[in-house]
Amino acid sequence: MADKETWHETLHSGFGQYFSVDNLLYRDKTAHQDLVIFENAAFGRVMALDGVVQTTERDEFIYHEMMTHVPILAHGNARRVLIIGGGDGAMLREVARHQSVEHITMVEIDAGVVNFCQTYLPNHSAGAYDDPRLQLVIDDGVNFVSQTQERFDVIISDCTDPIGPGESLFTSAFYAGCKQALNPGGVFVAQNGVCFLQQDEAVNSHRKLSHYFADVSFYQAAIPTYYGGIMTFAWASDNPALRQPDLATLQSRFAAAGLPCRYYTPQLHIGSFALPQYLLNALS
Ligand code: AG3
């Protein structure tokens, strides 16, 4: 933080965003990262790690709905879901809304993020840590996916940017582990940065994932606090049909799931796989 009143993001060089710190709720170094949680008049509670905004109360629904309902509803029969990262608990909250999901494993490297977010960012997890379907593992995600004998239908990588502890979640070793931990017909999705400013990230993920999966692409959403335009989510599976579901199928799955969404719609799900030409050019 630059001073007591204003917090500046340090992710991009040369320009960026700031927040007024209207009430500092928590700030300390966990075992792995510099964690800060504060109140901001415009965005509610804000959580940042190592100088980068991870989530805010005001716009988190866009990110978390898109990273859960898109793969789960596209899959159509996801019973076992693995979340990598996600220590603030909102990804868990959204996955847990699917009554058809029987088991959720969440692997977070930083116990401090889990603990302090439950105290200072409680609306994110909204009680989901008490869900009996949850197995919470404090471990490195690469380690977990390479060693586990368990298999999952959907894997969600709710990672930070590839700096600090989150860097390993952008490696071939991690993608190979995710491939082996997926059931046949499974889907892997991952936070992949804002592609206008972090295009190399998308290009690299695409190249690495293509070694392990037959169908690799991205879908996107604009999330205001992930400053700089659309955020891309990596999408990897062995079944290209999962990326092009028909509207009627999604609508009936969505209705059956009974989800209270504020961003996700089946129409938007289908449209989110359309990518801007500059990204398609970079990927080809
Ligand atoms: N993790 C993704 C934060 C990425 C921010 N990156 C950026 N602005 N390029 C969010 C964790 C929420 N559960």
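The values are calculated or read from the model by the stated rules, or taken from the named source; none is laboratory data. No experiment lies behind these values; they were computed from the predicted model shown. Cβ: placed from backbone, ideal geometry, glycine included. Neighbour counts: every protein chain shown.
Numerical summary
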{"quantity": "Odd one out for D200, checked against (1) outside any loop (DSSP other than H, G, I, E, B); (2) in contact with a Phe, Trp or Tyr (Cβ under 8 Å, 6 or more places away or on another chain); (3) within 14 Å of the ligand (Cβ to nearest atom); (4) not aromatic (F, W, Y)", "calculated": "(2)"}
{"quantity": "From the options A74, A78, A41, A90, residue that is among the small types (G, A, S), surrounded by fewer than 24 Cβ atoms within 10 Å (Cβ to Cβ) and under 30 Å from S146 (Cβ atoms)", "calculated": "A78"}
{"quantity": "L49 within 13 Å of the ligand (Cβ to nearest atom) and aliphatic (A, V, I, L, M)", "calculated": "yes"}
{"quantity": "Qualifying position, being away from the ligand (no atom under 13 Å from the Cβ), over 26 Å from L259 (Cβ atoms) and acidic (D, E), among E5, E9", "calculated": "E5"}
{"quantity": "Residue in segment 208-223 that is at positive phi and buried (at least 17 other Cβ atoms within 10 Å of the Cβ) present", "calculated": "no"}
{"quantity": "Options Y212, Y175, Y219, Y227; residue that is hydroxyl-bearing (S, T, Y), in a loop (DSSP other than H, G, I, E, B) and closer than 21 Å to I83 by Cβ", "calculated": "Y212"}
{"quantity": "Residue ID - nearest to N281 (Cα to Cα), chosen from residues in segment 186-201 that are surrounded by fewer than 22 Cβ atoms within 10 Å (Cβ to Cβ) and either hydrophobic (A, V, I, L, M, F, W, C) or modelled with pLDDT under 95 (or both)", "calculated": "F196"}
{"quantity": "Failed item, numbered, when A31 is tested on (1) more than 14 Å from the ligand (Cβ to nearest atom); (2) at pLDDT 95 or above; (3) not in a helix (DSSP H, G or I)", "calculated": "(2)"}
{"quantity": "Qualifying positions in segment 141-155 - crowded, with 17+ Cβ neighbours inside 10 Å and within 15 Å of I109 (Cα to Cα)", "calculated": "G141, V142, F144, V145"}
{"quantity": "G193 vs. criteria out of contact with any Asp or Glu (no Cβ under 8 Å at 6 or more places or on another chain), at positive phi and either touching a residue at least 12 places away in the same chain (Cβ under 8 Å) or among the acidic types (D, E) (or both)", "calculated": "no"}
{"quantity": "Subset of segment 52-94 (residues that are out of contact with any Leu (no Cβ under 7 Å at 6 or more places or on another chain), in a loop (DSSP other than H, G, I, E, B) and within 12 Å of the ligand (Cβ to nearest atom))", "calculated": "E57, D59, G87, G89"}
{"quantity": "Sole exception among (1) more than 14 Å from the ligand (Cβ to nearest atom); (2) in contact with a Phe, Trp or Tyr (Cβ under 9 Å, 6 or more places away or on another chain); (3) on the phi > 0 side of the Ramachandran plot for G127, by number", "calculated": "(2)"}
